[in-house]
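What follows is one structure encoded as structure tokens, with my remarks underneath.
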Amino acid sequence: MHQLRAYRGRTRRYPFARRLVNSGRLSVPAVLWDSPLNTLDTDEFAGAMVPGAPSTDAPVRVHGDDGWFLSHVGGDFTGVYFAAHGAAPADALASLQDGKLGVKPVVVVQPGMSGISYPGIDVIEDSEGLLATRFDARPGTFYLLRPDQHVCARWRSFDPTQVRAAVARATGNP
């Protein structure tokens with residue numbers, strides 16, 4: 001701590017040194033922009049959740065319990081589907097449930113839509129609407145997250161063929 005104070009004192013005298021001393025957060029997650037593991041966007045999105053970016057967190061509710069989004073993803077490829085009015089289309093559900101895509105399925109529902117369940121799929125209520133905002137998600141938006149919780153790919157609509165191709169690219173199995 002004494003050294004940090006000394007550095008701060010020097011930055012007052014030498015303005016060029018201010019950018020060299022970070023007394024707050026000492027590290028930030030890397031955004032892997034050019035990684036060959038990413039699938040480039042084909043749809044328009046806003047915000048920071050670009051392919052290669054670490055996933056953001058947000059408060060969620062699962063089975064009536066408050067929690068955080070990131071505790072429900074990671075360790076496996078995770079497919080995150082943002083459902084319209086609390087319901088996912090049957091074709092998307094069937095593709096997610098059968099396990100052939102190689103992803104852990106998560107369906108995100110809108111605030112106030114808790115109590116919805118789909119066999120074999122984690123259903124997460126976006127309790128404050130922050131998850132959809134941070135992911136620039138509209139109903140039908142689908143994100144593929146890598147096991148390290150970085151965004152692998154994203155689309156405005158779910159297409160199992162595109163998801164399979166993105167998983168294959170990210171795992172080196174074209």
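Can you tell which of A84, G115, P51 lies farthest toward the positive end of the dipole of region 34-127, using +1 and -1 charges on the Cβ of basic and acidic side chains (Lys, Arg; Asp, Glu)?
G115
Which of the trypsin sites (Lys or Arg not before Pro) across region 98-174 are loop residues per DSSP, with 13 or fewer other Cβ within 10 Å?
Details: sites: K100, R134, R154, R156, R164, R169; in loops: K100, R156.
Listed in order of number, the matching sites are K100.
Using modelled backbone amide H atoms (1.01 Å from N, in-plane), which distant-in-sequence or interchain residues come within less than 5 Å of S55's amide H?
Residues meeting the amide H criterion: H150, V151.
Spin-label point model (7 Å from Cα, Cβ direction): what's the H85 to Y118 distance in nm?
Reported label-point gap for H85 and Y118 is 1.7 nm.
If I take R0 = 30 Å and measure r between the Cβ atoms of R169 and D57 in this structure, what FRET efficiency does the formula 1/(1 + (r/R0)^6) give, to the nearest 0.05? Please list the in-between numbers first.
Numbers: r = 26 Å, r/R0 = 0.86.
Given R0 = 30 Å and the Cβ-Cβ separation, E is 0.70.
Subtract the Cα-Cα distance of D66 and Q97 from 0.36 nm times their separation in residues, and report this length gain in nm to one decimal. Write out the running numbers ahead of the final one.
Values: separation 31, 0.36 × 31 = 11.16 nm, distance 2.47 nm.
Contour length minus Cα-Cα distance gives 8.7 nm.
Modelling each spin label as a point 7 Å along the Cα-to-Cβ direction, I'd like the V31/E44 distance in nm, to one decimal.
2.0 nm
Only the coordinates and a few stated rules stand behind these numbers; no lab work does. On a predicted model such as this, the values are computed, not experimentally measured, just so you know. Cβ atoms come from the backbone with ideal geometry, glycine included; neighbour counts cover every protein chain shown.
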